[in-house]
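Asks: Sending over a structure as structure tokens; questions will come in a sec.
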Amino acid sequence: MNRGSVFLAWRHWVSRGAAARTVPRHPQFCLENHVNHPLLQVSGLRKSYGPAEVLKGISFDLQKGETLSLIGPSGSGKSTCLRCLNFLEKPQAGEVLLESKRIGQLPDRKGGWRFMTDTELAPQRREIGMVFQLFYLWPHLTVRENVALASIKAAGMRRDEAHALAEEMLDKVHLRHKADAYPEQLSGGQQQRVAIARTLAQKPKLILFDEPTSALDPELVGEVLGVIRELAEEGRSMILVTHEIRFARDVADRVIFMDGGHIVEEGPAAQVIDQPRRERTRSFLGQVGA
Ligand code: ADP
Ligand code: MG
């Protein structure tokens, strides 16, 4: 390239930048919308408990609106991985970016990174909702109060607004009619749907589900999966750890198969589950009867 063409290329680059800066920030014209930044970027996550390395360098992305399912044998590190994403666990290495911003850590004075304190983490934790195997509802509060509690205590919302939001979210899990009931009056499946409504009330950018149906009697699994399916169809961004392989096949956009702290295989749900490339994935799917 001679000097003239370098200058032309530079002028083209500068004028494109200037154009991007002067164009109104209407969604159609917003430059960022043309650059497909993932919602979540996870790179090189490592986590050990004592000498046992449980995550051995986990990296993946999640696009906005995508449902990703994490599958794998018990002990492969799926829960640890989810817990590292919202810093319930502190990974020894790696980084997590939400909307291109590093979360869970802040620059320290020595040019490195330090973990945030729980107070610093609190606003970020609201951006990443989590639904666990056990629902942890307050037994002395009604369903409505359970769903509204975090909006009042953590987000400082007025009680009447928080209750209205709670009812809206209960509607999404088809339990508005149970707003005045207490958790013990509900089935396990209904309690888990309340826990999902509670997470939705945080208005999270991303929802992590850790085996949300594993503690339920088989006849109650379907109603919870039904709600998760509706959320996926709504275009929520979700990561779902599940043993319900057929459900993952139907509802997830992508599947990651983990084993021994590694990602063994990753791809479109139908491909990983119906035509796995790795022998290890095939044998796992065979064992679980998928
Ligand atoms: P999965 O969710 O895939 O079943 P986990 O992430 O729960 O796997 O666990 C991965 C490994 O890490 C297991 O061997 C487990 O015993 C170990 N582990 C998980 N949490 C802890 C902990 N808090 N302390 C020590 N070991 C742990
Ligand atoms: Mg687990």
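The values are calculated or read from the model by the stated rules, or taken from the named source; none is laboratory data. Keep in mind that what you see is a predicted model, and the values were worked out from it rather than measured. Glycine also receives a Cβ, built like all others from the backbone with ideal geometry; neighbour counts cover every protein chain displayed. Ligands, DNA and RNA are stripped out before the accessible areas are found, and what is left, the full protein with its side chains, is counted by its heavy atoms. Shrake-Rupley method; radii C 1.70, N 1.55, O 1.52, S 1.80 Å.
Asks: Pop out the ³J(HN,Hα) list for region 131-142 in order, Karplus 6.51 cos²θ - 1.76 cosθ + 1.60 with θ = phi - 60°, rounded to Hz; leave Gly and Pro as x.
Replies: After applying 6.51 cos²θ - 1.76 cosθ + 1.60, I find 10, 9, 4, 9, 8, 6, 8, 6, x, 8, 10, 5 Hz.
Asks: Here's a follow-up. Could you size up the charge dipole of the chain around its Cα centre, putting +1 on the beta carbon of Lys and Arg and -1 on that of Asp and Glu, and report it in debye to the nearest 20?
Replies: Value, rounded to 20: 1440 debye.
Asks: So how many Lys-Lys pairs in the chain land under 22 Å Cα to Cα, not counting same-chain pairs under 8 apart?
Replies: 24
Asks: In deg cm²/dmol and to the nearest 500, what is the mean residue ellipticity at 222 nm of the chain if only DSSP H runs of at least 4 residues count, each as -39500 (n - 2.57), divided by the residue total?
Replies: Per the formula, -12000 deg cm²/dmol.
Asks: Leaving out ligands, DNA and RNA but keeping every protein chain, what accessible area does Y136 have, in Å² rounded to the nearest 10, with a 1.4 Å probe?
Replies: Spelled out: Y136, probe radius 1.4 Å, area about 150 Å².
Asks: If you don't mind, another one. What net charge do the residues around G72 carry, taking every other residue with its C-beta under 9 Å from that of G72, with Lys and Arg at +1 and Asp and Glu at -1?
Replies: The answer is 0.
Asks: Within 10 Å of each candidate Cβ there may be at most 15 other Cβ atoms; applying that plus a DSSP loop requirement, which GluC sites (Glu not before Pro) in region 48-110 survive?
Replies: E99
Asks: Got a sec to turn the phi values of region 205-216 into Karplus ³J(HN,Hα) couplings, 6.51 cos²θ - 1.76 cosθ + 1.60 with θ = phi - 60°, whole Hz, x for Gly and Pro?
Replies: Karplus values, whole Hz, x for Gly and Pro: 7, 9, 10, 9, 10, 10, 6, x, 10, 5, 8, 9.
Asks: So which residue, out of R280, R109, R193, gets the largest mean-square fluctuation from a GNM of the chain using Cα contacts under 10 Å as springs?
Replies: Checking each option, the largest mean-square fluctuation is seen for R109.
Asks: Quick one: go through region 66-107 and flag any residue whose amide nitrogen is under 17 Å from the point 7 Å out along the Cα-to-Cβ line of T117.
Replies: 104-107
Asks: Only sites in a loop by DSSP and with at most 12 other Cβ atoms within 10 Å count here; which trypsin sites (Lys or Arg not before Pro) in region 213-272 make the cut?
Replies: Sparse-neighbourhood loop trypsin sites (Lys or Arg not before Pro): none present.
Asks: Under the 0.36 nm per residue contour assumption, what length would be gained going from the current alpha-carbon distance of Q124 and K110 to full extension?
Replies: Extending this stretch completely gives an extra 2.7 nm.
Asks: Here's another thing I want to ask about it. Using Cα centres only, tell me the gap between region 37-115 and region 195-250 in whole Å.
Replies: Taking the Cα centre of region 195-250 as reference, the centre of region 37-115 is 20 Å away.
Asks: Here's a follow-up. Between Q92 and K153, what length comes free when the chain is fully extended (0.36 nm per residue of separation minus the Cα-Cα distance, one decimal in nm)?
Replies: The span from Q92 to K153 would gain 18.8 nm if fully extended.
Asks: If you don't mind, there's one more thing I want to ask. Report ³J(HN,Hα) in whole Hz for each residue of region 232-242, in order, from the Karplus equation J = 6.51 cos²θ - 1.76 cosθ + 1.60 where θ = phi - 60°; Gly and Pro get x.
Replies: 5, 5, 6, x, 6, 9, 9, 10, 10, 8, 8
Asks: Rounded to the nearest 10 Å², what accessible area does D274 show when all protein chains are kept and the probe is 1.4 Å?
Replies: Its accessible surface works out to 70 Å², give or take rounding.
Asks: Can you give the net charge of the other residues whose Cβ lies under 12 Å from the Cβ of L216, counting K and R as +1 and D and E as -1?
Replies: Taking every Cβ under 12 Å from that of L216, the sum is -4.
Asks: Further question: Among T213, T117, T142, determine the one that fluctuates most according to a GNM of the chain built with springs between C-alpha atoms less than 10 Å apart.
Replies: T117
Asks: Moving on to the next point. Cα gyration tensor of region 161-224, axes a ≥ b ≥ c as square roots of the eigenvalues: rounded (a/c below 1.5), prolate (a/b > b/c) or oblate?
Replies: Here region 161-224 falls in the oblate category.
Asks: Treating only the Cβ of Lys, Arg, Asp and Glu as charged (+1, +1, -1, -1), what charge dipole size does region 114-262 show about its Cα centre? Round to the nearest 20 debye.
Replies: Rounded to the nearest 20 debye, it is 440 debye.
Asks: Would you be so kind as to identify which of H163, G222, A181 lies farthest towards the positive end of the dipole of region 156-237, taking Lys and Arg as +1 and Asp and Glu as -1 on Cβ and the Cα centre as origin?
Replies: Towards the positive end, the residue furthest out is H163.
Asks: Net charge within 10 Å of E145 by Cβ-Cβ distance, Lys/Arg positive one each and Asp/Glu negative one each, not counting E145 itself?
Replies: In short, +1.
Asks: Stretched out fully, how many nm does the piece from E99 to R246 gain, at 0.36 nm a residue minus the Cα gap?
Replies: So the chain would gain 49.9 nm between E99 and R246.
Asks: Is there a quick way to get the dipole size of region 159-198? I mean about its Cα centre, with the Cβ of Lys and Arg at +1 and of Asp and Glu at -1; what is the value in debye to the nearest 20?
Replies: 180
Asks: OK, next. Report, by chain and number, residues whose modeled amide H sits under 5 Å from the one on E66, excluding near sequence neighbours (fewer than 5 apart, same chain).
Replies: Long-range HN contacts for E66: M238.
Asks: Amide H of G267 versus every other amide H placed in the peptide plane: which residues, excluding those fewer than 5 positions away on the same chain, fall under 5 Å?
Replies: Residues meeting the criterion, in which the H sits 1.01 Å from N, are V255.
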